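Heads up: the structure comes next, in structure tokens.
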Amino acid sequence: MAPAISANKLTKWFGEGDLRAFAVREVSFEAYFGEILFIVGPSGSGKTTLLSMISGILRPNSGTVAIDGVDIWKLASDQIAEFRLNKVGFVFQDYHLFPRLTTAENVAIPLILKKQNWDESIKKAAYYLEIVGLKNKAELPPVKLSGGEQQRVALARALVSQPDLMIFDEPTASLDGDTGRRIMDFVKNNILTDKRCILIVTHDSRIFEYADRMMKMEDGKIVGIEKGRND
Amino acid sequence: MKGILKLAFKLLVNDKGKYAALLVGITFAVFLMVQMTSIFSGILAKASSTVINLGAKVWVLDPAVNNVANSIPMPDYVLNAVRSIDGVEYAVPMYSGGALVKLKSGVFQSVTILGLDDNSLVGRPELIEGKIEDIYAENAFIVVDDAEISKLEHPRTGTEFELNDHRGVIVGIAKVASSGLFGIPTLYTTYSKAIQYIPSTRFTIAFILIEPKSSDAIPHIQNQVKRLGYEALTEEQFMQKISNYYKYKTGLGTNIFIMTIVSFLVGLSISGQTFYTFILENLEKFGALKAIGIKGKELVYMILFQAVLAAVIGYGLGVGFCTLIITIAKLKVPEYSANITFSTLSFAFVMVLIIAGISSYIGIRKVLKIEPFDIFRS
């Protein structure tokens, strides 16, 4: 079985000539289905750039990324967008929920983008809101929810299209310790499956215990891959 | 695509403050543009009122004449020459001029006098009071019951006035299709009486009205009249000439055009600014949508749909509001000249689509530029 993610000598730089600055240098690693892989490291170490290249958002200058055996950067831009829609679920640090839509409508967005029927999408969204424990908040706008609840809405939105790869960007950065742990417990126990790989970029050492493996980055390079504390 | 457009609709409409501001901007612009162009259209229609009311198919005039109010009299031989042109069924003289009448109260009032051919009364108005044959009576005049009639102190049949020391009597009251531009009452009489009562130049025929044997004969008639040194215009051509005169030679057209452009710019700035703010506020969310997997063209459709939707609703509101104001104004001020025509509506619609296009273009550029990578970096 192919690894969930196979990155080979990924390199990304910004600027040209004397101003060229390497964000990621020849990074290679693999991640597997059924695994939670943390990418940790100080600010500016290249975590976000690496995450963006893996998820099909930022084109690398060199190297390849294969998701479930598909070399994503060989696809046309529309195909990459289609790939992200079908295969990748994002949970952004700031959630990026539309404040003028209801919670259910926010969650249904990936399904709507997949051209599924509006009412069916809302029904499915309500089901995923139930999974994340927000069944009775479906009709509320996100601004009426707490930070933890908004995080769970973002989680439901990422889950609704049943992606193989889930990407969390600093998922607990704006949550208190208890809420952060509750979210991570939920991710570990309910979201992670044998057919799903979860990649988490974080600074938050409070949640390191949830990692199966932790990949440390510094200056655009992987400086070590450790087994998580829960192993 | 339906779901994506519904999403776009909800994003726009649920942001009530911006949606309202957007609609107000477009509605205001449409209102001003339709109002301006309708007033101009009304002015042009009124400027051609005599042409419309007399209903002659072909008018002969001096080429230097630009409107009915300022005619250049033609010698009698022109009438005879026109009558002899092949294809002319009949041709009659017409007098048009201004005069001052002294009313019973002693007040002087300007009037337009139209003198109809004595034999045929071609161009006679439809009477709502009195009999047309009474126009042949001594001192007889027919007054037009339009918005200006009150300036003659509400005359009835038998009302007397003075015109150049001649006694004048109202023998009939007529209605016409269109009232005049200059806000003065109109009196009809016979051609002979008009030139007798009003001080005239050597030549007295203001216009010659032609009934051609068929419409096919008109080009030949026009050629022959041209050889005489005069101009033969169909009703539509004459109205167009009058219209062109007011558009291009009086400054009126330029002023209305400038006002319309200002209205357009006001609408564009309000709606463009509001729409741009709307896009800016949602920019990160649009970036997130891109990260999730929306395609660039779908984002363009969403933004275009939002802009066009606001434009069409604003257009409807603007036209409705303008229609309401014009209707009320016409009820209160009968001489108010504003005509909402298909052309004015089409013009405003095109302008509003341009507003939507420019507003959405700015938003689309911004949204297409945002990289999903920036969403992670933020």
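Using only the alpha-carbon atoms, how far is helix A:118-131 inclined from the longest principal axis of chain A? Give it as 0 to 90 degrees, nearest 10. Roughly 80 degrees, rounded to the nearest 10. In the complete set of protein chains, residue-level accessible area for A:Lys9 is approximately 120 Å², probe 1.4 angstrom.
Ordered by solvent-accessible area of protein heavy atoms (1.4 Å probe), largest first, the residues B:Met351, B:Met259 come out as B:Met259, B:Met351. Taking every protein chain into account, the accessible area of chain A amounts to 42 square angstrom per residue (probe 1.4 Å).
Where does each of A:His96, B:His166, A:His203 land when they are ordered by accessible area, with a 1.4 Å probe and the largest first?
Reading off the accessible areas and sorting them downward yields A:His203, B:His166, A:His96.
Averaging the Cα positions of each part gives two centres, and for the range B:229-262 and the range B:101-158 these lie 29 Å apart. Applying both filters, DSSP loop and at most 16 other Cβ atoms within 10 Å, to the GluC sites (Glu not before Pro) of the range B:86-146 gives B:Glu138.
Between the helical axis of B:16-47 and the longest alpha-carbon principal axis of chain B there is an angle of about 20 degrees. Summing Cβ point charges (Lys, Arg +1; Asp, Glu -1) relative to the Cα centre of the protein assembly as shown gives a dipole of roughly 1400 debye.
Per residue, what volume in Å³ does the Cα convex hull of chain B take up?
Output value, Cα hull per residue: 177 Å³.
Taking a ≥ b ≥ c as the square roots of the eigenvalues of the Cα gyration tensor, an a/c ratio of 1.5 or more together with a/b no larger than b/c marks the range A:84-149 as oblate. Taking amide H positions as modeled 1.01 Å from N, with prolines and chain starts lacking one, the residues under 5 Å from B:Val122 and 5 or more places away or on another chain are B:Asp117.
Under a 5 Å amide H cut-off, with hydrogens placed 1.01 Å from N, B:Ser48 pairs with nothing among residues at least 5 apart or on other chains.
From the alpha carbon centroid of the range A:85-129 to that of the range A:13-74 is 26 Å. Interface B-A: total buried accessible area of about 2900 Å², 1.4 Å probe, protein heavy atoms only. Pairing the Cα long axis of helix B:283-292 with the longest principal axis of chain B, what angle in degrees results, from 0 to 90 and rounded to the nearest 10? The angle comes out at about 60 degrees. Of the residues B:Glu231, A:Glu226, ranked by 1.4 Å probe accessible area with the largest first, the sequence reads A:Glu226, B:Glu231.
Radius of gyration over Kirkwood radius for chain A, both on Cα atoms: the Rg/Rh ratio is 0.97. Amide H to amide H distances under 5 Å link B:Tyr90 with B:Glu211, where only residues 5 or more positions off or on other chains count and H is placed in the peptide plane.
Note: the protein assembly as shown, Cα convex hull, 230 Å³ per residue.
The values are calculated or read from the model by the stated rules, or taken from the named source; none is laboratory data. Small disclaimer: the values here were computed from a predicted structure and weren't measured. FYI the Cβ positions are ideal-geometry reconstructions off the backbone, even for glycines, and counts take in every protein chain you see. For accessibility, only protein heavy atoms count, side chains too; no ligands or nucleic acids. Shrake-Rupley method; radii C 1.70, N 1.55, O 1.52, S 1.80 Å.
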